[in-house]
Amino acid sequence: MNQAEARTRIEQLRKELNRHNRLYYVEARPEISDREYDRLYRELQDLEAQFPALVTSDSPTQRVGGEPLKEFAPVRHAVPMMSLDNTYTFDELREFDARVRKLLPGESVEYILEPKVDGVSVSIRYEQGALIVGATRGDGATGDNITANIKTVRNIPLSAPGAPEVFEVRGEAYLPVDAFRKLNAQRETEGEEPFANPRNATAGSLKQLDSRVVARRPLAAVFYAVGETRGIAFTQHAEVLEKLRSLGFPTPQHWWRCRDIEEVIARAQELEKLEATLPYEIDGAVVKVNNLDQWKRLGTTAKAPRFAIAFKYAHEQAQTRLTAITIQVGRTGTLTPVAELEPVPLAGSTIARATLHNEEEIRRKDIRIGDTVIVEKAGEVIPAVVGVVAENRPPGAVPFDFVKHIQGKCPACGGPIHRDPEFVAWRCENRSCPAQLKRAIEHYVGRRAMDIENLGEVLINQLVDRGLVKDIADLYALGVEQLAGLERMAEKSASNVVNAIGGSRHRELWRLVHGLGILHVGEGAARKLADHFRSLEALAGADIETLQRAEDVGPVMAQSIHDFFRNPRNQALLKRLAQAGVRPVEPESRAEPQEGPFAGKTVVITGTLSQYSREEAQEEIRKRGGRVTDSVSKKTDYLVVGADAGSKLAKAQKLGVSVLDEAAFLKML
Ligand code: AMP
Ligand code: ZN
């Protein structure tokens, strides 16, 4: 291909990719599969690599940036990004309306009602249709320049042909609810801390200095306002929303023009019912005066505009008193603040504790000990403190100072702590921290690791607190006499525990690999590593390049495994485990079965199975000579369908792929 031909094809590909992006993200009606999209994308990447002169900054391949930044540069907002006053009741909305009309005597006032998206606000500036800079809100006057991260968000156009000369668009970046669940499930299998909620995950992602990390998080955005503009004049807020949409920006699917405040109230209730169908979380609705000339006359207070107000939905909430803040230490040392509450009924159970997420959230909400707080339980997530009832604050309550509260050290071991900016968290740095050790043992004995029964949390706590166990290898030295002295431990149960521990000396290799708790190595990865390396020695001795040859092992995981086995402490632990007789059995060698229902077949699994974890089911199929892949195509022989199956099922039906429900699958096994 010569340069001219390449140029033609490159332009075609860019147009196609942009069109599919738009279909996928803005219109939610994709025409091609992810795989086909990836194929086009790769073709473009290859051509651009061959003809570097043809690379342009708005090519879809330029979403992922180069080297990580050292820090974010400040961006001054030409038009400040304001916050909103809140209301919680319809009467407060009526009061808002009365205030507005009092300031606009004799005028009629029309409102727009739109969702209050619970994301992270961003402002993006286009000049001559090209994306120039993306910024966070910051303090409203100055934010961080996060352009490289913004460009990774696939539904944010890199160029907006036909946009006015200067066009700043404002809205929220968010992690779609589905993607959030997937990301957390993945983080959990990889042994990383899950994110508290989509908003935190989004905020954490946008704060990454390495845009390549952000690119792996499927963020999206939705726009509902403009900042500075040149070359266009709007007279109504509704026109802004329509213009944004016609230029290819994602806007809220639902918004309403309302004649008066009673209609606003009706629409706000309608929106709340639609909440579960939206791709983002909302925490209420925003009511805005439609006429922009009235905006000017209403003006703003120091903090918020007078022409708009937020109406917050009362989810499943309850109020109670926060009596204390305790700190939980996780397996990797993360310090999570927990609210100790006066017990209160909420969504069918009694709540006495709720998460406070992290230091920053406590500060943001100004939560103080002694406050009456609002606890909320949204969906399956753990109860969280979402706000305080300011009027009930006891005199003398002081702002909560996280570091002072724990006297600058780990509350479990007194060890040094450090800040981990990615998780907005503090971590205990002491590798022998008893709290971390307890969590590490729980992980080691867990059903998805060494599967040691009879060793529960209460017993583990006692073993560590009494100094009987200082690392995992100590478990194997425990005798009946030592255990029998502990609380709630009869001789019979003591010997059960000792037997259970002893019985784990020869588990499958992947169980030990998973049980060691190597960062980024979850159950699935552990199975693949065990299959590939076949012995702990081979895995421990592998260099980074060798590690990456195993299926699904990327550079981050490879580095982490490498570091783990080079660490002298871990080397000592492995030696002591070996001395204790822990010798995992090697995986059976894999002579591919040539017969049986799965031999030579390509299988995809979707949804949740009740009898097997995803990894176990894959293992069963592989053992029978089948191949397991991630996406349904014409080449797929079977789709195994568990509960809550997603789009794969529809696709399989469309392509005529045989679908197996769990019962049929079990039967074939
Ligand atoms: P708050 O942070 O509670 O003061 O609420 C103000 C913030 O709500 C704004 O800074 C925006 O980030 C966010 N927001 C979400 N949806 C909207 C919307 N439709 N209109 C205006 N602001 C919104
Ligand atoms: Zn500690």
Check your understanding: Just checking, how many residues over the stretch 290-338 are under 25 Å from K116 (Cβ atoms) and either of a type outside the set (V, I, T) or outside any strand (DSSP E or B) (or both)?
Key -> 28
Practice item. Determine which single condition T300 fails, assuming it passes every other condition in (1) surrounded by 18 or more Cβ atoms within 10 Å (Cβ to Cβ); (2) touching a Lys or Arg at 6+ places or on another chain (Cβ under 8 Å). Key: (1)
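So which strands (runs of 3 or more DSSP E) are wholly in the stretch 153-263 and hold at least 3 residues that are over 23 Å from R63 (Cβ atoms)? Show your work before the answer.
Working: elements: 166-174, 220-230, 256-258.
Passing ranges, in order: 220-230, 256-258.
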Point to revise | Criterion (closer than 30 Å to K438 by Cβ, outside the structural domain of W255 (by TED's automatic domain parsing), modelled with pLDDT under 90 and within 21 Å of the chain's Cα centre (by Cα)) met by exactly one of T332, T336, T350, T355 | key: T332
Check your understanding: Checking Y280 against (1) surrounded by fewer than 16 Cβ atoms within 10 Å (Cβ to Cβ); (2) modelled with pLDDT under 95, which single condition isn't satisfied?
Key -> (1)
Check your understanding: Of the conditions (1) at pLDDT 95 or above; (2) crowded, with 21+ Cβ neighbours inside 10 Å; (3) in a strand (DSSP E or B), V133 fails just one. Which one is it?
Key -> (2)
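Take the stretch 472-482 and flag every residue that is in contact with a helix residue (DSSP H, G or I) (Cβ under 7 Å, 6 or more places away or on another chain) and crowded, with 16+ Cβ neighbours inside 10 Å.
Let us first name the residues in the stretch 472-482 that are in contact with a helix residue (DSSP H, G or I) (Cβ under 7 Å, 6 or more places away or on another chain), namely 472-473, 475-476, 478-480.
I472, A473, L475, Y476, L478, V480 - these are the residues of the stretch 472-482 that are in contact with a helix residue (DSSP H, G or I) (Cβ under 7 Å, 6 or more places away or on another chain) and crowded, with 16+ Cβ neighbours inside 10 Å.
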Practice item. Could you grab the pairs with beta carbons closer than 9 Å, sequence gap of 6+ or different chains, first residue in the stretch 453-478 and within 18 Å of A572 (Cβ to Cβ) and outside the structural domain of A572 (by TED's automatic domain parsing), second one polar (S, T, N, Q) and surrounded by 13 or more Cβ atoms within 10 Å (Cβ to Cβ)? Key: L475/S504; Y476/S504
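May I ask you to say which residue of P416, P421 is more than 15 Å from ligand 2 (Cβ to nearest atom) and not assigned by TED's automatic domain parsing to the domain that holds K492? I'd like the intermediate steps shown before the answer.
Values: P416 fails: more than 15 Å from ligand 2 (Cβ to nearest atom).
From the options P416, P421, the qualifying one is P421.
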Practice item. Of all residues in the stretch 49-85, count the ones that are over 30 Å from V286 (Cα atoms), out of contact with any strand residue (DSSP E or B) (no Cβ under 7 Å at 6 or more places or on another chain) and not in a helix (DSSP H, G or I). Key: 13
Check your understanding: Can G138 be described as part of a loop (DSSP other than H, G, I, E, B), assigned by TED's automatic domain parsing to the domain that holds E172 and either surrounded by fewer than 15 Cβ atoms within 10 Å (Cβ to Cβ) or within 16 Å of ligand 1 (Cβ to nearest atom) (or both)?
Key -> yes
Review point. Any idea which of V264, V287 is over 30 Å from the mean Cα position of the chain (by Cα), more than 16 Å from ligand 2 (Cβ to nearest atom) and buried (at least 21 other Cβ atoms within 10 Å of the Cβ)?
Key: V264
Review point. Is one or more of the residues making up the stretch 378-398 in a helix (DSSP H, G or I) and surrounded by 16 or more Cβ atoms within 10 Å (Cβ to Cβ)?
Key: no
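The values are calculated or read from the model by the stated rules, or taken from the named source; none is laboratory data. All values reported here derive from a predicted model rather than from experimental measurement. For neighbour counting, all protein chains shown are included, and Cβ atoms are generated from backbone atoms with ideal geometry for every residue, glycine included.
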